[in-house]
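The values are calculated or read from the model by the stated rules, or taken from the named source; none is laboratory data. What you are looking at is a predicted structure, and each value in this text was computed from that prediction instead of being measured. Counting neighbours? That spans all protein chains shown, and the Cβs are built from the backbone with ideal geometry, glycine included.
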Amino acid sequence: MTLLPFDYAIRNLGRSPRRLALVAGGSMLVALLAILAIGFSRGLASALASSGLESNALVLGSGSEESAERSEIPPTVRDVLVGEIDGLPMVAGEPAASSEIHAALPTRGPATGTLAPPMPVRGFENAAFLVHPQVALAEGRWPARGRDEVSLGLEAKSRLGAHIGDTVEIAGHAFEVCGFHAARGTAMHGEIWMRIDRLAQLTQRTTHSCVVVALGDAEFDDIDAFTASRLDLETVAMRESEYYARIAEFFKPIRVLVAITAFLIALGGALGGIHAMYAAFSTRVREAATLQALGFSRAAIALSLVLESTVACLAGALAACAVGLVALDGLAVHFSMGSFAVSVDSAAIAGALAAGLLLGLFGAIPAILRCLTLSIPTALRS
């Protein structure tokens with residue numbers, strides 16, 4: 001079989017810039033949506049996976065295994081646990097066990113002016129830094145005990161538009177921003193941190209949410225046995241990584257919904273691209289018949305048309321990859337647990353290129369059937 005020259009298909013792309021723009025634009029839309037759907041899913045999964053450490057145990061109230069915000073445990077749990085479990089790591093005489101309060105509270109920043117949706121607030125003590133090594137102070141200082149001060153995650157800072165020394169309103173009370181902390185790639189990057197005693201007063205609660213324990217030389221089974229034996233405390237233990245894995249499972253339907261929505265919108269873009277290709281190729285019926293009269297087989301002509309379509313669609317997909325890396329990679333998405341960044345990684349890029357390739361390969365089929373199913377005399381007279 002004699003094939004048409006490769007540059008024949010490439011030159012045909014430039015014959016109609018408008019047609020090329022329509023085909024490449026439809027492919028670009030499809031590829032961008034593929035990047036967004038894959039980046040959203042992988043960014044959420046990565047943030048939740050990075051937020052929980054396999055080396056940490058989490059002690060929660062019974063029945064609240066999937067929400068630390070709903071959990072309630074006595075404030076004495078940390079001291080009792082530290083006293084009964086051997087092998088817990090000690091740093092400067094301080095056990096690596098952090099009692100915390102987790103809450104979602106309405107906020108108002110100096111730049112927003114209006115109440116924002118509830119943001120995650122974490123009440124902490126100094127031991128929190130021993131069990132959350134992902135968190136580091138980026139600017140300023142940590143809130144002082146007993147004072148109306150907060151540290152904002154960098155994503156929370158961007159969301160509220162606050163600077164050090166500004167005042168933010170949390171649950172109707174004013175707090176001074178004394179610092180910013182970073183925990184990139186985790187849900188804590190978008191949290192507000194304040195001292196646990198002040199958050200307890202703000203939320204009017206006498207209980208804590210959880211205790212995060214670094215295992216060190218201790219075994220997780222020791223923590224599990226402790227919660228099972230102390231029925232009076234009404235607690236349950238799990239690894240911190242398992243807790244965030246359950247949250248990821250909870251958000252799985254949202255990830256599926258995002259993928260389905262992206263697919264439906266992409267389908268519209270794909271149909272637009274296919275329609276553009278059909279309109280472009282159907283006007284070249286006489287050209288296809290002439291090539292057949294010159295001795296080229298229908299298979300060779302079809303291959304040339306598929307090549308032309310694929311190059312145009314891959315060009316759109318490559319443009320989408322460039323836009324995704326520049327505009328979508330790291331894009332913040334806020335949700336009830338804080339925030340996460342859209343991750344335009346190798347999987348998202350591969351998905352975009354695959355979408356462009358499939359659109360190029362299969363999108364040309366209707367046009368090819370239109371060009372090559374007619375007999376040569378009929379096609380030459382069309």
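Every condition in (1) buried (at least 17 other Cβ atoms within 10 Å of the Cβ); (2) within 15 Å of V131 (Cβ to Cβ) is met by M90 except one, and the failing one is (1). Could we say that R255 is in contact with a helix residue (DSSP H, G or I) (Cβ under 8 Å, 6 or more places away or on another chain) and either under 30 Å from G146 (Cβ atoms) or in the same structural domain as S16 (by TED's automatic domain parsing) (or both) here? So R255 fits the description; yes. When A262, A225, A214, A300 are checked against the criterion of being touching a Pro at 6+ places or on another chain (Cβ under 8 Å) and modelled with pLDDT of 75 or more, a single residue qualifies: A214. Looking only at the range 174-216, filter to residues that are of a type in the set (A, V, I, L, M, F, W, C) and not in a strand (DSSP E or B); which one of those is nearest to A332 (Cα to Cα)? Only one residue fits best here, namely A187.
For the range 212-263, residues that are in contact with a strand residue (DSSP E or B) (Cβ under 9 Å, 6 or more places away or on another chain), polar (S, T, N, Q) and farther than 19 Å from H132 by Cα total 2. Hey, among G330, G356, which residue is closer than 30 Å to A103 by Cβ and either at pLDDT 75 or above or not in a strand (DSSP E or B) (or both)? Going through G330, G356 in turn, the sole match is G330. The residues on offer are Y278, Y243, and the sole one that is in contact (Cβ under 8 Å) with a residue 60 or more places away in the chain, crowded, with 20+ Cβ neighbours inside 10 Å and of a type outside the set (A, V, I, L, M, F, W, C) is Y243. Residue under question is E234, and the condition is that it be in contact (Cβ under 8 Å) with a residue 40 or more places away in the chain and buried (at least 18 other Cβ atoms within 10 Å of the Cβ); does it hold? No. Among residues of the range 349-367 that are assigned by TED's automatic domain parsing to the domain that holds L29, those with a Cβ under 8 angstrom from a residue that is part of a helix (DSSP H, G or I) and charged (D, E, K, R), sequence gap 6+ or separate chain, pair up as A364/E308. Being surrounded by fewer than 20 Cβ atoms within 10 Å (Cβ to Cβ), outside the structural domain of I274 (by TED's automatic domain parsing) and of a type in the set (K, R) narrows it down to one of R108, R18, so name that one. Being surrounded by fewer than 20 Cβ atoms within 10 Å (Cβ to Cβ), outside the structural domain of I274 (by TED's automatic domain parsing) and of a type in the set (K, R) holds for just one of R108, R18, which is R108.
Take R147 and decide whether it is basic (K, R) and assigned by TED's automatic domain parsing to the domain that holds L130. Considered against the rule, which asks whether it is basic (K, R) and assigned by TED's automatic domain parsing to the domain that holds L130, R147 comes out as yes.
When you scan the range 1-112 for helices (runs of 4 or more DSSP H) that lie fully inside it, which ones turn up with 3 or more residues that are farther than 30 Å from C210 by Cα and free of Cβ contacts under 8 Å to residues at least 60 places away in the same chain? I'd like the intermediate steps shown before the answer.
On the way: elements: 6-13, 17-51, 77-84.
Helices (runs of 4 or more DSSP H) meeting the threshold: 17-51.
Residue-wise test of (1) surrounded by fewer than 21 Cβ atoms within 10 Å (Cβ to Cβ); (2) touching a helix residue (DSSP H, G or I) at 6+ places or on another chain (Cβ under 9 Å).
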{"residue": "E169", "(1), (2)": "yes, no"}
{"residue": "G179", "(1), (2)": "yes, no"}
{"residue": "R205", "(1), (2)": "yes, yes"}
{"residue": "A214", "(1), (2)": "no, yes"}
{"residue": "A225", "(1), (2)": "yes, no"}
{"residue": "F250", "(1), (2)": "yes, no"}
{"residue": "A262", "(1), (2)": "yes, yes"}
{"residue": "L267", "(1), (2)": "yes, yes"}
